[in-house]
Amino acid sequence: MKRKNLIKRICADGYLGLVLALLYLPIFLIIIFSFSGNSYFSFKDGFSLNSYASLFDPEKNAGLLSALKYTAILAVSASVISTIFGAFATIGIYALNRRVKKITLVVNQLPMINSEIVMAVSLMVFFATTGISQIFPQGMTRLIISHVAFCTPYVVLSILPRLQRMDPNMYEAALDLGANPFSAMIRVVFPYIMPGIVSGFAMAFTLSLDDFIITQFNKGDTGIETLSTYIYEDARVKSLEPFWFAVFSIFFVVMFTLLLLINIKRNGVNTAKEAKR
């Protein structure tokens, strides 16, 4: 019996290790080869910091800084707007009757089920064939609209489970105590679903930050380049230079550090709550 349990544990640990290796080994290889100073994935010239030194090259970092600026503007704007729309839309969906709610949720999931390229082409055709292209010509505003349309369904699905766990009597009690419907929603409903709102915002921000296809199809000839489209254009012309290995490595280390700090803070808060109990 003990031998059987040991074999199961070894298999389970081995499977987990294989999955983690497939996920993170490519990232660690990029970090390692960022110190090679070449694009050949070898250390024939020895250890080098040339990849990181090239970050300070004005010709290189000018385009990178511009791409980072547009990426940040687009991601923040799209995630904030889609979170606001998604939060109010989720409350509206929750208040629908069961049949209409099911239909609405199916419609909400269509952008997620469809291939992203279908969404990108659909948005491009929509802007090109409707009068809205006169109101919102090619530029950042059109990209923000595209990203909001893409991210909002994910926000809805992040908030809805939290809202479904809420006791509806909480809202009714707020009304009985003299609050108007809007005040009850702001002071009772929104604080309860705030974890879902934060998760939805984080997901929308990540999706917008990472998007390439929708941005590539809808940015037009405005000269706007986000990080993903800038990397594509640079790699298409010059292939992947060592410069990008350093950029990818720094991004990973920064995001990993932020995630680690958030988890440490969250564990500290949970530990404090348990101690008070």
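The values are calculated or read from the model by the stated rules, or taken from the named source; none is laboratory data. The model shown is predicted, which means the values in this text are computed figures rather than measured ones. Note that each Cβ is placed from the backbone with ideal geometry, even for glycine, and that neighbours are counted across all protein chains shown. For the accessible areas, the whole protein counts, side chains as well, though only heavy atoms, and no ligand, DNA or RNA atoms are used. Shrake-Rupley method; radii C 1.70, N 1.55, O 1.52, S 1.80 Å.
Summary table below
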read-out: Filtered residues of the stretch 26-45 (kept if open to solvent by 40 Å² or more (accessible area, probe 1.4 Å), in contact (Cβ under 8 Å) with a residue 24 or more places away in the chain and assigned to a loop (DSSP other than H, G, I, E, B)); value: 39
read-out: Counted residues, the stretch 228-250 - those being out of contact with any helix residue (DSSP H, G or I) (no Cβ under 9 Å at 6 or more places or on another chain) and within 11 Å of residue 64 (Cβ to Cβ); value: 0
read-out: Residue in the stretch 218-226 that is more than 26 Å from residue 94 (Cα to Cα), open to solvent by less than 60 Å² (accessible area, probe 1.4 Å), in contact (Cβ under 8 Å) with a residue 40 or more places away in the chain and part of a helix (DSSP H, G or I) present; value: yes
read-out: The stretch 113-144 - residue that is in a loop (DSSP other than H, G, I, E, B) and open to solvent by less than 60 Å² (accessible area, probe 1.4 Å) and, of those, nearest to residue 207 (Cα to Cα); value: 139
read-out: Failed condition for residue 23, given (1) surrounded by 10 or more Cβ atoms within 10 Å (Cβ to Cβ); (2) without any contact (Cβ under 8 Å) to a residue 40 or more places away in the chain; value: (1)
read-out: Among the residues listed as 96, 110, the single one being over 18 Å from residue 203 (Cα atoms), among the aliphatic types (A, V, I, L, M) and either open to solvent by 60 Å² or more (accessible area, probe 1.4 Å) or not in a helix (DSSP H, G or I) (or both); value: 96
read-out: Looking only at the stretch 205-225, and only at residues there that are aliphatic (A, V, I, L, M) and under 19 Å from the mean Cα position of the chain (by Cα), the one that is farthest from residue 115 (Cα to Cα); value: 209
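Per-residue answers, yes or no, for (1) over 19 Å from residue 84 (Cβ atoms); (2) within 13 Å of the chain's Cα centre (by Cα); (3) part of a helix (DSSP H, G or I); (4) of a type in the set (Lys, Arg):
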position	(1), (2), (3), (4)
146	no, no, yes, no
170	yes, no, yes, no
174	yes, no, yes, no
191	no, no, yes, no
198	no, yes, yes, no
233	yes, no, yes, no
